[in-house]
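> Can you read through this structure? Questions will come right after.
The values are calculated or read from the model by the stated rules, or taken from the named source; none is laboratory data. All values derive from a computational prediction rather than experimental measurement. When we count neighbours, we look across all protein chains shown, and the Cβ atoms used for this are built from the backbone with ideal geometry, even at glycine. For the accessible areas, the whole protein counts, side chains as well, though only heavy atoms, and no ligand, DNA or RNA atoms are used. Shrake-Rupley method; radii C 1.70, N 1.55, O 1.52, S 1.80 Å.
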Amino acid sequence: MPAALKLLIPISPKVNSAADLASESAENYSENKYGLITAATLEKYRSDWANSKPPGVTGSLIIFQIQTNSSVVSNSYAVPNGKDVFTYVLNNPSSFFGQSRSNGIIETESILPEGKTIDSFFGTFGLDLRQDLVVFSADTATDDNLLQALRGWFALRYWGVDKNHLAVLNGAVKYHATAGTLTTFTVTSGPQFGRTASAKNIFTDNTILHATIGDIIHILKNGVTTFEKVTPIPTGGVFFWDARTVSEYNGTASSTVASASLSCVNKLTTPITSNTCYTNHEGRISGAKNVPSSSLINSSTSEFKTKAEIKALLAGAGYAQGKTVITYGQTGVKAAAAFFASNSIAGYPTRNYEGSWVEWGALGNRKPSTDPADLNPVTNAAYPAPNALDTGSPWRTDYVFLTESLQINPAFSVPNYNLTTTKQFSTSSSALIEADKKYLLPGGSSSSGGASAGGSASGGGGNACGG
């Protein structure tokens with residue numbers, strides 16, 4: 001075929017499976033060239049990038065230090081050279097790596113960003129992830145910083161970036177600077193030379209990494225649903241990893257805040273006294289095992305435990321070789337450490353239930369209540385049904401065969417989502433994934449389903465809790 005004619009033929013993206021995207025770490029993290037890397041490896045890269053690039057990387061080294069508290073100035077930045085090594089501090093990672101999007105049923109905050117948002121990230125920093133190596137790191141050792149660093153890694157993996165072009169520093173930059181294991185400076189980079197790139201140009205579809213609520217219910221019902229666009233149930237079985245706290249896992253009342261940015265007053269149709277709203281119900285996905293994210297990490301340094309320790313934790317919780325892990329937390333962001341540990345340290349096929357408990361716990365059916373615990377504390381009147389799901393909606397999760405340790409939260413603290421009949425009886429929960437798949441196609445338009453904030457290298461602090 002003539003070369004000129006080949007250029008006219010659209011290139012469809014390669015569609016990967018969860019098994020394709022699993023990447024096991026070396027036992028000794030110092031041997032990793034991507035994935036979870038040590039300060040010594042980053043120091044080698046930074047000090048002699050031209051001669052130490054890992055295989056497959058031909059471009060620049062770009063280091064992102066995540067600092068969600070914009071009032072904190074660590075003054076410890078991995079040293080850039082302004083030529084092929086660049087360091088940036090991200091105070092607003094959530095503006096690039098998460099946004100409110102609808103899955104066709106309910107809109108949830110801090111879901112994976114749409115294509116134009118991730119391309120905005122590429123464009124802001126002149127990234128070409130077909131050539132460059134991007135290293136995400138916590139600036140100072142806080143859980144929020146580490147989770148958002150891991151979220152950045154996950155967002156880029158979802159949008160097709162190859163594992164060889166992404167890394168996460170094991171331990172916060174400030175910690176390593178203090179310990180003397182990483183050379184730092186007090187100044188970060190200016191803008192990188194102008195380059196333009198897009199997720200479209202990677203020609204890779206990794207959307208399997210996002211598990212939908214339809215996928216979860218389909219699995220729990222052994223495939224007996226009428227849902228459309230659910231992914232096949234893994235032949236080796238599924239291991240649901242609940243990465244929340246023990247109290248959340250046990251269904252303690254009022255554990256899950258339904259919104260990080262909106263108070264109940266803004267979400268409810270009637271005035272209330274509380275400024276914090278909670279999900280309709282608490283509990284855990286049926287059969288899920290609890291390995292809290294906090295058990296994976298040394299919070300004082302932001303370092304992960306060893307691969308052997310992480311595998312032992314999962315084996316102790318009941319993981320068996322061959323199963324696909326599906327992680328979830330209070331939010332998809334909160335599950336970032338669990339996903340990374342499973343996918344990129346243990347090397348297991350892994351998907352993240354992006355909606356997590358803020359979505360699962362929202363989808364219930366409630367009638368107006370006269371129970372004293374549910375009455376308006378000011379007027380003593382009954383509240384309207386806090387969630388508008390019809391009794392027969394297939395998306396209800398407040399059934400004991402779907403939710404263990406089911407605990408209904410007081411009506412006065414639960415937002416009214418006012419879901420339309422069309423949404424309640426939708427046949428699919430994959431609207432945003434379908435939009436993302438379309439975006440990746442040649443000539444694909446911008447994803448739909450949510451507003452994007454955009455962002456820059458400085459600005460308001462990100463919220464690791466998400467929606």
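> Counting Lys +1, Arg +1, Asp -1, Glu -1, what net charge surrounds Ala288 among other residues with beta carbon under 10 Å of its beta carbon?
Net charge in that neighbourhood comes out at +1.
> As a test of reading the structure, rank Phe185, Phe304 by solvent-accessible area (1.4 Å probe, protein chains only), most first.
Descending accessible area places them as Phe185, Phe304.
> Next question, about the same structure. Scan around Leu166 for amide H atoms under 5 Å from its own, H built in the peptide plane at 1.01 Å from N, and keep only partners 5 or more places away or cross-chain.
Gly35, Val134
> Whole-Å semi-axes of region 27-167's equivalent ellipsoid, largest first, each the root of 5 times a Cα gyration tensor eigenvalue?
So the equivalent ellipsoid measures 25, 18, 14 Å along its semi-axes.
> Show me the ranking of peptides 220-227, 355-362, 431-438, 292-299 by mean Cβ neighbours inside 10 Å, starting with the highest.
355-362, 431-438, 292-299, 220-227
> At Ala179 and Leu441, where each label point lies 7 Å from the Cα along Cα→Cβ, what is the point-to-point distance in nanometres?
4.9
> What distance in nm separates the simple spin-label points at Val15 and Ser47, each placed 7 Å from Cα in the Cβ direction?
4.8
> Highest first, please rank the peptides 46-54, 168-176 by the mean number of other Cβ atoms sitting within 10 Å of their residues.
168-176, 46-54
> How much FRET efficiency would the formula 1/(1 + (r/R0)^6) give for Ser30 and Phe425, where r is the Cβ-Cβ distance and R0 is 45 Å, rounded to 0.05?
With R0 = 45 Å, the Cβ-Cβ based efficiency is 0.25.
> Specify whether the C-alpha gyration tensor of region 105-145 places it in the rounded, prolate or oblate class, a ≥ b ≥ c being the square roots of the eigenvalues: rounded for a/c under 1.5, otherwise prolate if a/b is larger than b/c and oblate if not.
oblate
> Same structure again: Tell me the label-point distance for the pair Thr226, Lys289, using the 7 Å Cα-to-Cβ offset, in nm and rounded to one decimal.
In this crude label model, Thr226 to Lys289 measures out at 3.6 nm.
> So, for region 18-63, what is the accessible surface per residue at a probe of 1.4 Å, expressed in square angstrom?
43
> Now for a different question. In this model, which of Lys116/Lys437; Lys200/Lys438; Lys53/Lys200; Lys174/Lys307; Lys289/Lys311 are farther than 18 Å apart at the alpha-carbon?
Among Lys116/Lys437; Lys200/Lys438; Lys53/Lys200; Lys174/Lys307; Lys289/Lys311, the Cα-Cα distance tops 18 Å for Lys53/Lys200; Lys174/Lys307.
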